[in-house]
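Have a look at the structure that comes next, please.
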Amino acid sequence: MINKLIEIGILFDFYGKLLSERQFAAIELYYIHNLSLAEIGEELGISRQSVYDTLKRAEEKLYEYEDTLGLVKKFYYSREEIDRLYNLIDELETEAINLKNENIIGKLKELRGIIDKIIDSSREVVN
């Protein structure tokens, strides 16, 4: 259940705004605020069964969006590649320090700054 909770949470972060208002509210109340089906039903003015059906359709939609758009997969792939870049920069920086090459050290710091800006801008998109 924990894995599904995390998985739906991530999908919701990426695709939640694409859901209908009722689906969005149901997912948010169930997975984020941990309300029961009965509590959500009271909140939304629908039956417990309708809440269940709405949640199932919303979950299916979130998975469909990921299957079609693949934004979560692309995000994690990009994150892994950025981590690889950081590791390469660290290795090159060590070599540049050993060679006492301030020019390369400066360019590597600049490169690290560019990567940091890319990461910051991607966080803005997700949130």
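The values are calculated or read from the model by the stated rules, or taken from the named source; none is laboratory data. As the structure is a computational prediction, the values presented were derived from the model and not from experiment. So basically every Cβ, Gly included, is an ideal-geometry build from the backbone, and we count neighbours across all protein chains shown. We work out accessible area using only protein heavy atoms, side chains counted, and drop any ligands, DNA or RNA first. Shrake-Rupley method; radii C 1.70, N 1.55, O 1.52, S 1.80 Å.
Results for (1) open to solvent by 90 Å² or more (accessible area, probe 1.4 Å); (2) within 15 Å of the chain's Cα centre (by Cα), shown as yes or no for each residue.
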position	(1), (2)
L69	no, yes
F75	no, yes
R79	no, yes
E91	yes, no
K100	yes, no
I104	no, no
K109	yes, no
D116	no, no
S121	no, yes
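Next question, about the same structure. Got a number for residues in segment 4-18 being among the aromatic types (F, W, Y) and within 14 Å of E60 (Cβ to Cβ)?
Selection size over segment 4-18: 2.
When A96 is evaluated against the numbered criteria (1) among the small types (G, A, S); (2) farther than 18 Å from I27 by Cα; (3) touching a residue at least 24 places away in the same chain (Cβ under 8 Å), which criterion, by number, is the only one it fails?
(3)
With the requirement that a residue be open to solvent by 50 Å² or more (accessible area, probe 1.4 Å) and under 14 Å from F14 (Cβ atoms), what does segment 45-62 give you?
If the condition is that a residue be open to solvent by 50 Å² or more (accessible area, probe 1.4 Å) and under 14 Å from F14 (Cβ atoms), then K61 is the only one that fits.
Also: Taking Y65 as the residue in question, decide whether it is open to solvent by less than 90 Å² (accessible area, probe 1.4 Å), out of contact with any Asp or Glu (no Cβ under 6 Å at 6 or more places or on another chain) and at pLDDT 95 or above.
yes
Something else now. E42: assigned to a helix (DSSP H, G or I) and surrounded by 14 or more Cβ atoms within 10 Å (Cβ to Cβ), yes or no?
no
Further question on the same structure: When residues of segment 5-28 are filtered for being open to solvent by 20 Å² or more (accessible area, probe 1.4 Å), in contact with a Lys or Arg (Cβ under 9 Å, 6 or more places away or on another chain) and in a helix (DSSP H, G or I), how many remain?
Qualifying residue count, segment 5-28: 3.
Any idea which of (1) under 19 Å from the mean Cα position of the chain (by Cα); (2) without any contact (Cβ under 8 Å) to a residue 12 or more places away in the chain is the one R48 doesn't satisfy?
(1)
Sort out which residues of segment 29-39 are open to solvent by 30 Å² or more (accessible area, probe 1.4 Å) and either touching a Ser or Thr at 6+ places or on another chain (Cβ under 9 Å) or in a helix (DSSP H, G or I) (or both), and write them in order of number.
The first filter runs over segment 29-39 and keeps only residues open to solvent by 30 Å² or more (accessible area, probe 1.4 Å), leaving 30, 32-36, 38-39.
Selection gives Y30, I32, A38, E39.
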